[in-house]
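Reviewing the structure listed below.
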Amino acid sequence: MSPIKKLTGVMALLLVGTLSGCDQSKPELDATKQQLTAVTSERDSLKGQLDTANAQLASLRQQVADLQAKVAAAANTPPAAPAAEEKKAEPHKKAAAKPAKAEAAAPPAPAGATGPATEARKGRGHF
């Protein structure tokens, strides 16, 4: 047998083996492509949900900032109308007027105070 015929026979066997090997993995390849398509569509859906949630979060943060600004503005504005109504309601009672004056004369708490003991301690027993 000539070497060319041997080489042709070997090439034919390799070609048949290669083609038969591809046919066996085709169903697996198709299943993998379907899974990829499903996962890709799920990813796109989740991205849409994330964008929606981020938009809602930004909106809620803006609302919180607006409400905090309103609370801060309300805390800085002294309530003058209720104090005037109390004085008008009880002008003829001297005993009731004295505690109201004492409350009005009390200095307001410092804005930086966070606890009951705001003054610095001195002397014995201070650590």
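Each reported figure results from applying straightforward, stated rules to the coordinates on display, with no laboratory input. Because the structure is a prediction, the values reported are computed rather than measured. Neighbour counts run over all protein chains shown; Cβ positions are idealised from the backbone, glycine included.
Each label point was placed 7 Å from the Cα along the Cα-to-Cβ direction; for T32 and Q49 their separation is 2.8 nm. Extension gain for K6 to S41 (0.36 nm times residue separation, less C-alpha to C-alpha distance): 7.4 nm.
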